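Scroll down for the structure; my scribbles are underneath it.
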Amino acid sequence: EVYGTAQYVPIDEKHPLQGQSPYSASKIGADKIAEAFHLSFGVPVVIVRPFNTYGPRQSARAVIPTIVTQCLAGSELRLGNLSPTRDLTYVSDTVAGLLAAATAPAALGKTLNLGSGTEVSIGALAAGIAAATGSNAAIVRDEERVRPTGSEVERLLSDNRAIRELTGWRPAVALDEGL
């Protein structure tokens, strides 16, 4: 979220930060406070920016649980904008990446993107979940679910080269397997 809608992809750690929502602005502020403590007082800090983590115990309000619930419950799958893309990382890969960043001396003081390095549109994600659940639900764009203009992050695709090079971390769970 700290990057807002991508100005270029894949998004590396040098990508401009964009407080596109109050949530993203608060994350930018937290990153900068952590960075300031590292630079000013030598506090050992690694800033890790996970991209869209999913998996067990995820909030039911998140996109994947919303789609799964609708696929299992009815004949229509009502979503907002279907074209935004997300870089989805399974929770065990996110945990492994956080641990790798926390224990790699080379990562100290760095900012690292933690994502799968692949993107999927919300529409394609919905179609894949419908197929995986055996649902015949029609995918319907619900205008009431479309976010206001300018507030939707249109594209997220991480460049995870830095975390791979500094820690050896690599995502292990493909989207189909995670779903």
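In region 33-55, the residue that is nearest to the chain's Cα centre (by Cα) out of those that are open to solvent by 30 Å² or more (accessible area, probe 1.4 Å) and under 21 Å from residue 117 (Cα atoms) is 52. When restricted to residues that are over 13 Å from the mean Cα position of the chain (by Cα) and of a type in the set (Ser, Thr, Tyr), region 57-99 contains 6.
With respect to residue 145, determine if the residue is open to solvent by 30 Å² or more (accessible area, probe 1.4 Å), at pLDDT below 95 and farther than 28 Å from residue 28 by Cβ. Criteria not met by residue 145.
Kindly indicate whether any position in region 68-86 is under 19 Å from residue 171 (Cβ atoms), open to solvent by 40 Å² or more (accessible area, probe 1.4 Å) and touching a Leu at 6+ places or on another chain (Cβ under 8 Å). No, there is no match, as no residue in region 68-86 is under 19 Å from residue 171 (Cβ atoms), open to solvent by 40 Å² or more (accessible area, probe 1.4 Å) and touching a Leu at 6+ places or on another chain (Cβ under 8 Å). Are any of the residues in region 92-113 over 30 Å from residue 37 (Cα atoms) and at pLDDT 90 or above? Among the residues of region 92-113, not one is over 30 Å from residue 37 (Cα atoms) and at pLDDT 90 or above, which makes the answer no.
Residues that are assigned to a loop (DSSP other than H, G, I, E, B), in contact (Cβ under 8 Å) with a residue 24 or more places away in the chain and not polar (S, T, N, Q) were ranked within region 26-56; the one that is nearest to residue 159 (Cα to Cα) is 51.
Is it the case, given these coordinates, that residue 33 is over 17 Å from residue 129 (Cα atoms) and β-branched (Val, Ile, Thr)? Here the answer is yes, as residue 33 does meet what is asked. Scanning region 13-25 for residues that are assigned to a loop (DSSP other than H, G, I, E, B), surrounded by 15 or more Cβ atoms within 10 Å (Cβ to Cβ) and either in contact (Cβ under 8 Å) with a residue 24 or more places away in the chain or out of contact with any helix residue (DSSP H, G or I) (no Cβ under 6 Å at 6 or more places or on another chain) (or both) gives 13, 15, 18, 20, 21. Just one of the listed residues (131, 107, 102, 126) is buried (at least 20 other Cβ atoms within 10 Å of the Cβ) and either more than 18 Å from the chain's Cα centre (by Cα) or over 17 Å from residue 52 (Cα atoms) (or both), and it is 107.
The values are calculated or read from the model by the stated rules, or taken from the named source; none is laboratory data. Keep in mind that this is a model prediction, so the values were computed, not measured. Note that each Cβ is placed from the backbone with ideal geometry, even for glycine, and that neighbours are counted across all protein chains shown. Please note that ligands, DNA and RNA were not included when accessible areas were found on the heavy atoms of the full protein model with its side chains. Shrake-Rupley method; radii C 1.70, N 1.55, O 1.52, S 1.80 Å.
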